[in-house]
Each structure stands twice: as C-alpha cells, then as structure tokens.
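Before any comments, here is the structure.
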Amino acid sequence: MTATVAVDLLDRFDDGVFFVDLSSVQSADLVAPEIARALQIPLESDRPATEGLAAHFGSMNMLLLLDNFEQVLEGATVVADLLRACPGLTILVTSRVCLSLRGEQEYQLPPLGLPEMASRHAVERSEAAQLFVKRAAEALPSFKLTDRNATAVAEICRLLDGLPLAIELAAARIKLLSPDAILRRLDDRFSLLTGGDRDSPVRHRALRTTVDWSYDLLTKEERAVFRDLSVFNGGATLGAIERVIMSESDALETLASLVNHSLIRQREDADGEVRFSMLETIREYARELLNAHSAGRELRDRHASYYLDLAEGTVAGDDEERLAAVRGVEAEQDNMRAALKWWLQDVPDQDGASSTLGLRLASALGQYWYKHSGAVEGAAWLERALSQATNVPDKLRADALRLLGALMDQQNELERAGEVLREALGYFQKSGDRRGEASALNSLGVVTRSLGDFDSAEKLYSASAAIRREIGDPALSASLSNLGILYLDRGEPDRAEQMLEEVMKLDRAKSDDWGMACTSNNLGFVNLQQGDAVAARRRIGEGTRSFVKLGDLDGVAEGLEATACVDAAESQPVRAARIAGAADSLRRSLGIPLGPLDREYLERWLDQAQAALGATAFRLHWSEGAEMTFDQAITYALGPAESD
C-alpha cells in the first residue's frame, strides 16, 4: 500500500518521496537514526539525530513515509520536531496506533469490500474476492472463480472480515484444499492461516503472529479488557460494557485506547448510540484468551444476565419502555443468541439454574420472534429450553408453551401446535391466570381455523375476547382481529370490515404499529372481496410498507401475496405471477410456509392469472419474481401497476 501511495504522490514533491521501514526498530531513541540510515544521511556524533535530519531536510519539498510506527510510539516526538523545523516536509505514517500529535490527520484503512451476493458475477466484482482469486491463481495456476465455488469464496472473504493478510493466507491453501474445504476449516483459522511467503516480514507469515504483534503493544489492563470484550457477539453499547466488564470511569479511556490500536471499532447505530465491536478474526483471538481465563464463566453469566434483563423489558413496564426494549432486542440479536447458547448448551447445568434462566430468556424473546419472522429459530430454542428446564414455575412453563405453540402454528405444524397450546391452556386454567388463558384460547383458535373448523375457532376466539374485555387486556384487539378474519373466511366481508375497523381503532389507541400493519392488510382483503381493488391496493400497500419498516418479513410475504391477488383481480397477470414468485422465494428463505387456508385463497386468484397467461408463461414470470432481490421485489410490488 505504501509503495502505491509513494508512486501516486511522486509528482507532487519536487525533492522526492522517501520510504523508511521501522518494523525492526524496537526503541523510540532509534527512530531518527533509522531514518538517517535508510536515507543515507550522515549524522554528527555530537549532535542529536533529529537536529541532523532537520538540518539536512531544511526547506526541501519532500514526502517521508514511515512504515510500522506502532511499536515505537514514544518516537512520535521525532515526527513533531521534524514537521516544526521543516516547512516543506510532509510525513505519512502507517501505524496500528495513532501518534496523537497536534494536527495529525487519521485515515483508517478499511477492510476490503465484500461480495454483496453469492453469485459469481457479484463475487468477482468485490475487492476481497479479487484478492483471493489473484493469490489463489498464483498458488495454483489452474484455479478460476466459477459458479460452483463462488459461494464458498464469498463466505471465506466474509468470515475473514475482508482482511487482506488473512485472505492471502487462505488463498495460499488452494494448493491442497478446495474453497469448500478451506471454508470448513475456518473455525480454527489461526491454525489454518499460516505459511506466508518467505520474503514477507515474519509477522505476515501467519495470522496469529500478526495479531500477536498488536496485542503485545497493549498494557496489562488493556489486554484484560480486550480479552473480556470477546464475550459480546456483534458488538456492544457502552452501557452493556459498563454493566458486564467495567465501570464507566475505566471504560472510556480503555476503549479509546483499544480503538486507537485498531483492535476494536466504534460506530453509531441508527439511534445515534455508540457501539464497539471487533472484526470476527480479532474476536476469535480474544475469545481464545477468554476461554483460558479462570473468570470466564462468571463473565459469561454477567453477559447473559444483562441481555435477559433487556429481553424481559419487552414484556414489562409502560409502552415507551417496552418499545425501547424491543429496539434494543432487535439490535442485540447476536448477543441474545450467545446468551441462549451459554445457558442451554455451553455451561454445565448441575442444579437446573442455567436451563431455567435459558427458558426465561427464550420466553422473553418469544413475542419478538413471532413478530419478526423468527418462528424457526425461536421454536428451536423454546423446545430445547423446555426439554432441559424440568423444575420451573408453572407460569413460566405455560408462557413458554403458549409461545412455542404460536411459533409452530406459523410453520404450519398444526397438530403439534394444538397439543402444545392445550397443554399451556391447562396450566393457565389450573393457576387461575386469566390473561394467559385468553392468550392460549386465541392461539388455539388460530390453529383450529387453519385446520378448517370455523365453528370451533369462533368459540375459542369469542371466549378469548370475553376474558380480555372482562380484565381490560390490551390484547383484545388480537382476538377481535382473528374473528374478523374468520368472517372473511365465511364470505361475510361487510361483517369482517365492521370488526376490523374496531380493531384498527384499538391498535391506534395503543400505538401498535405491528397490529395496524396486520389490520391494514386484512382490511385490504376485505376490500378485495367487496370488489374494490383500488382501496385494496392502497391498504395492502400501507400494511406492507409498515412490515418492511418493522422488519417482519413474514408480514412482508403476506403483503406481497395480497398484492398478487389484487393484480390478478385487476387483470395484471404478469405482475401477479412475478410478485407471487417473490413472496414464495421469501417464504422459503424464512422457513415459514403459507397456511393452508391462505394458500387456497391465494391460488384462487392466481388461477385467473395462470389462465390468462398459460401455464408456461406463468411459470416463467413466477421464476422472474423468485429471482428478484428483496429490495427489487418491494419496489416492484409497491410501484405503479401498469398494464401488462
């Protein structure tokens, strides 16, 4: 890199560009002598070296490149003295740590750009993949990027964080291993990524040696914090770090130093809150240190407990506090997974305490999973927690079972969902938990409706609604919404509209954005059944936009399917086929299939589109939609419906 910079800037400095490698210099006192030696400048023995350099440079218009300054930071005074004494001198320093001099301008060298998608064309456009392919071809001339290996190459580059040295070392293994084989071995990247070129500096011949080089520059206290920060997965806020690792008075200075050493990164999230994170390669190095540390278990317990408190905040407190907690949970999904894994998989659970905590965390996350397309992951965690936590309070078990049943219903596991929900209902009724009873009755109604038993579903919804009215439960809107959908199933759109308009008022009163999105979508179906496709498109579009904003991809899929129905009704068969294909592709990626009744409804409308196009053309346009990216599908579906 420095050589490239030198060539690019050569014409801007009349007296030349000069390069000095300081990697072998271990003492700050030797910085000035090493510059003199590299530039072949004679120094007088009775005169300080810095003065001799300043006298030599004088008013020359030149660029001095100082490479690998991080291990001689105390020598930064040499840089300052030379700049003050020599007006025509510019100094460019490469270092893993800032010099902290007045007037210093920092340029952080980012990792190489990563592939945006896994297709061969997208991969070959990325900087990281280009480097991998170049180095791999040097090691094995027959190597080429192909459709078959592009996905593995893209994932290698992603797992190695776009770090040039790591990618070069991985590519060198292509002599013996295929990209897929390299990828499988990256769980132990520090053992795999060795054997750099013999003419490279020693620290560049193995990934571990390179990170060692930075780690050795830290103080004892900084090393401890660096190690402990690896407990966070996906980074952490300052507040989390203070709660889990150290107090605020210690945190700011130490974190600033680690950022300065380029071992952690600092960025602002969408809400303006600062997050600190590590590249995964650096985090793996730090995690090895944590695994060997005697206090590692205590630290992981504090980490998991912090995120349990955050998750339980989504179901406690006032509306504003719950919304803030939901935003926190959304930002901390990686840390939530790490906490669940710790309590339910990694830590020995001799007295059942850890599995109980794991069940509490999974239950607290259940509603988030339900509203954010997490049915597959959430059900797996809840099932695991329920099977391990054998001695827990009935309420905790009942809540977990109810949430598990709802997530199973989302996946169309209807028989199993019914069993789990009836078990939850029994616990709620036994303990006299009316709120829980109403929730279980409502969820059982959803399953029963999906099985086609409308009369039984209506009784369950009505019983749920009656309890919720009696106790003043804000979740009344959910029971009434499901009754409205049931009326629509029975071909009673006017009755459904009346019920759903009441639901919309309740949703607005409690500022339930997710509920309003669902109701908007459902009212769109009402309009469609009433023959008003214009109103249907408007309402479904509003609901779909809200689902996109909320991050509920299951809801987005429902919105796309509803839009396809509207297009079929308005004799737009090409749009209908494409949008339905995009929705199907999205559902497959989520692992959340369309329910049987909703599929039947969708297929009735799509049959019209297929009849208009013919089976072959319909499948072609369906495939076109299935190949769209998420953003392309949303833009197309919510865009103007022009004539086919």
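Which net charge results for the neighbourhood of residue 443, defined as the other residues with beta-carbon distances under 9 angstrom from its beta-carbon, given Lys and Arg at +1 and Asp and Glu at -1?
0
Sort 514, 369, 381 by Cβ crowding within 10 Å, fewest neighbours at the top. Walk me through the numbers on the way to the answer.
Values: 514 18, 369 22, 381 26.
By the 10 Å Cβ count, ascending: 514, 369, 381.
Taking only Cα atoms, what is the 0 to 90° angle, nearest 10, from helix 394-410's long axis to the longest principal axis of the chain?
Computed tilt is about 90 degrees.
In the range 1-108, with Lys and Arg counted as +1 and Asp and Glu as -1 at Cβ, which of these residues, 42, 77, 53, has the Cα nearest the positive end of the dipole, that is, farthest along it?
Value: 77.
Hey, fewest Cβ within 10 Å first, where do 153, 315 land in order? Intermediate values should be presented prior to the final figure.
Details: 153 29, 315 16.
In increasing order of surrounding Cβ atoms, one gets 315, 153.
Sorted from fewest to most neighbouring beta carbons within 10 Å, what does the list 120, 468 look like? Walk me through the numbers on the way to the answer.
Numbers: 120 19, 468 24.
Fewest-to-most Cβ neighbours within 10 Å comes out as 120, 468.
Given the rule -39500 (n - 2.57) for each run of at least 4 DSSP H residues, summed and divided by the residues of the chain, what is its mean residue ellipticity at 222 nm, to the nearest 500 deg cm²/dmol?
Details: 33 runs with 417 residues, N = 644.
Counting only the DSSP helices, I get -20500 deg cm²/dmol.
Return the inverse of the average 1/r over all pairs of distinct C-alpha atoms in the range 364-403, which is the Kirkwood hydrodynamic radius, in Å to one decimal. Mind showing how you got there, number by number?
Details: mean 1/r = 0.0967 Å⁻¹.
Computed over Cα pairs of the range 364-403, the Kirkwood hydrodynamic radius comes out at 10.3 Å.
For Cα pairs less than 8 Å apart in space and 6+ apart in sequence, what is the mean separation divided by the residue count of the range 530-644, i.e. the relative contact order in percent?
Working: 136 pairs, mean separation 35.0, N = 115.
In percent, rounded to a whole number, it is 30.
Please figure out what share of the DSSP beta bridges in the chain is antiparallel and state it in percent, rounded to the nearest 5.
Working: 7 of 17 bridges.
DSSP beta bridges in the chain are roughly 40 percent antiparallel.
From the phi of every residue in the range 328-339, what ³J(HN,Hα) in whole Hz does the Karplus formula 6.51 cos²θ - 1.76 cosθ + 1.60 yield, where θ is phi - 60° and glycine or proline is x?
With coefficients 6.51, -1.76 and 1.60, one gets x, 4, 4, 6, 10, 4, 5, 5, 4, 5, 5, 5 Hz.
Ordered by residue, what ³J(HN,Hα) values in Hz, to whole numbers, does the range 487-498 give under the Karplus form 6.51 cos²θ - 1.76 cosθ + 1.60, where θ = phi - 60° and Gly and Pro are x?
Whole-Hz 3J(HN,Hα) from phi for the range 487-498: 4, 5, 4, 7, x, 10, x, 5, 5, 4, 4, 4.
In whole Hz, with x marking every Gly and Pro, tabulate ³J(HN,Hα) for the range 176-188 from phi via Karplus 6.51 cos²θ - 1.76 cosθ + 1.60, θ = phi - 60°.
So the J values, rounded to whole Hz, are 10, 10, 6, x, 4, 5, 4, 4, 5, 8, 6, 4, 10.
For helix 150-159, what angle does its Cα long axis make with the longest principal axis of the chain, in degrees from 0 to 90 and rounded to 10?
The angle comes out at about 70 degrees.
Rg to Rh for the chain: what is it, with Cα atoms only and Rh by Kirkwood?
Working: Rg = 30.9 Å, Rh = 28.9 Å.
With Rh from the inverse mean 1/r over Cα pairs, Rg/Rh is 1.07.
Which angle between 0 and 90 degrees, to the nearest 10, do you get for helix 353-371 versus the longest principal axis of the chain when only C-alpha atoms count?
Compared with the principal axis, the helix lies near 70 degrees.
Arranged from highest to lowest average of other beta-carbon atoms within 10 Å per residue, in what order do the peptides 417-427, 41-51 appear? Each step should come with its number before you reach the end.
Details: 417-427: 21.1, 41-51: 12.9.
Packing proxy ranking, top to bottom: 417-427, 41-51.
All of the numbers you see were taken from the coordinates with simple rules; none came from a lab. None of these values were measured; they are calculated from a predicted model. Note: ideal-geometry Cβ built from the backbone for every residue, glycine included; neighbour counts use all protein chains shown.
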